[in-house]
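Below is one structure, written out as structure tokens, with a few remarks after it.
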Amino acid sequence: MTIQQRVDAANQKVAQMLTQGRPVWVDVQPAGQVIPGMTSHTILVPGPPIEIGRITPPIRTSVCGAVIHEGLAQTPAQAWEMVERGEILIRSSQDYGAANAACMVTSASMPVIVVEDKTYGGRGYAPLHPGPNPKCLRWGLYDEEVEQDLRWFRDVYGPALGQAVRLAGGIYVITVLAKTAGMGDENHNRQPAASMYLALQLIPWLLQIQSPEKDRVITHLAANDRFFLHVMMAGVESITQSCKQVP
């Protein structure tokens, strides 16, 4: 087989994976427990690998916030000094099968959506969408208010959603896309139909979970018309992780 024939065969296989992959949202777990290669000192950032000196101010703020959130530093200055000394590993999300949007970063204790490609076996990950509050790590902002939200996501919201998704037996991402594409969603800037359809699938299960803040969890989910975006991104990563196994 010639080089060209091998390339053509690989491309055909990947095209098949892209069209026949079936991503299913199966869980929500701390990043450090499910993302291969993730460590307590790893921070995943959006975009390709980048030199420390080229990291933009919003991403730098998010990185420092994540380091403080993990209890590795007390102040942004201390956090950035750790980054510059190489004590904090800054890595591209996509190299870990993960997706971060805007200025969001992922650290070990943060809850991530886990999506599995049920056809080819790839797994993808993404942090939970923070909701309509513009003051969040996703937009490169960090203070005590943001930290309180991060803790609630880690301790309450993420575990509750994980319980519900497991009880539901998983959520088929393509089913959500198929049912809501005709309602106007293009699933980048517009996901209200997909997010609300997803909420309808999850709320019956959320009502059955063991959580002291069940009502707040349901309210937060139902009020977020962009929630599905990060589920979809994790789904895309699951399929591309399958594709990456093709030589």
Practice task
Restrict the search to region 77-141; then list the GluC sites (Glu not before Pro) that DSSP places in a loop and that have at most 13 other Cβ atoms within 10 Å of their Cβ.
Solution key: Glu87
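Using a 1.4 angstrom probe on heavy atoms only, work out the carbon and sulfur share of the accessible area of region 1-145 in %.
Numbers: 3630 of 6820 Å².
Of the solvent-accessible surface of region 1-145, carbon and sulfur hold 53 percent.
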Fill in the blank from the handout: Amide H neighbours of Gln29 at under 5 Å, excluding residues fewer than 5 places away on the same chain, with H built from the backbone geometry, are Val112, Val114
Practice task
Would you kindly compute the Cα radius of gyration of the chain and its largest Cα-Cα separation (Dmax), both in Å?
Solution key: 18.5, 62
Exercise for the section: Provide the percentage of antiparallel DSSP beta bridges, counting only those with both residues in the chain; round to the nearest 5. Expected result: 75
Problem - Value of relative contact order over the chain, rounded to a whole percent, pairs C-alpha under 8 Å and six or more apart - result: 29
Practice task
Could you give the C-alpha radius of gyration of region 1-68 expressed as a fraction of 2.2 N^0.38 Å, taking N as the number of residues it contains?
Solution key: 1.71
Exercise for the section: Count neighbours as other Cβ atoms within 10 Å of each site's Cβ, and list the trypsin sites (Lys or Arg not before Pro) in region 118-180 that are DSSP loop with at most 10 such neighbours. Expected result: none
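Please state the shape class of region 79-176: rounded when a/c is under 1.5, otherwise prolate if a/b exceeds b/c and oblate if not, all from the C-alpha gyration tensor. Don't skip to the answer; put the middle values down first.
Numbers: a/c = 2.17, a/b = 1.40, b/c = 1.54.
Taking the square roots of the gyration eigenvalues as a ≥ b ≥ c, region 79-176 is oblate.
So what is the 222 nm mean residue ellipticity for the chain from helices alone, if each DSSP H run of at least 4 adds -39500 (n - 2.57) and you divide by all residues, rounding to the nearest 500 deg cm²/dmol?
On the way: 10 runs with 113 residues, N = 247.
Helix contribution divided over all residues of the chain: -14000 deg cm²/dmol.
First check a/c for region 1-116, with a ≥ b ≥ c the square roots of the eigenvalues of its C-alpha gyration tensor; if it is under 1.5, answer rounded, and if not, answer prolate when a/b is larger than b/c or oblate otherwise. It would help to have the intermediate numbers written out before the result.
Details: a/c = 2.97, a/b = 1.85, b/c = 1.61.
Taking the square roots of the gyration eigenvalues as a ≥ b ≥ c, region 1-116 is prolate.
Check the chain and count each lysine pair with an alpha-carbon distance under 21 angstrom, considering only pairs eight or more places apart or from different chains. Intermediate values should be presented prior to the final figure.
Details: Lys13/Lys118; Lys13/Lys244; Lys118/Lys179; Lys118/Lys244.
Pairs that pass both the separation and distance tests number 4.
From the Cα gyration tensor of region 97-239, with a ≥ b ≥ c the square roots of its eigenvalues, which class applies: rounded if a/c is under 1.5, or else prolate if a/b is larger than b/c, or else oblate? Please report the intermediate quantities before stating the final value.
Values: a/c = 1.35, a/b = 1.19, b/c = 1.13.
Verdict is rounded for region 97-239.
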Fill in the blank from the handout: Between Ala9 and Lys118, the two model label points (7 Å from Cα along the beta-carbon direction) sit apart by a distance in nm of 3.1
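The values are calculated or read from the model by the stated rules, or taken from the named source; none is laboratory data. Quick caveat: nothing in here was measured; it's all calculated off a predicted structure. Reconstructed Cβ throughout: ideal geometry from the backbone, glycine too, with neighbour counts over all protein chains shown. To get the accessible areas, we keep the full protein, side chains included, count just its heavy atoms, and leave off ligands, DNA and RNA. Shrake-Rupley method; radii C 1.70, N 1.55, O 1.52, S 1.80 Å.
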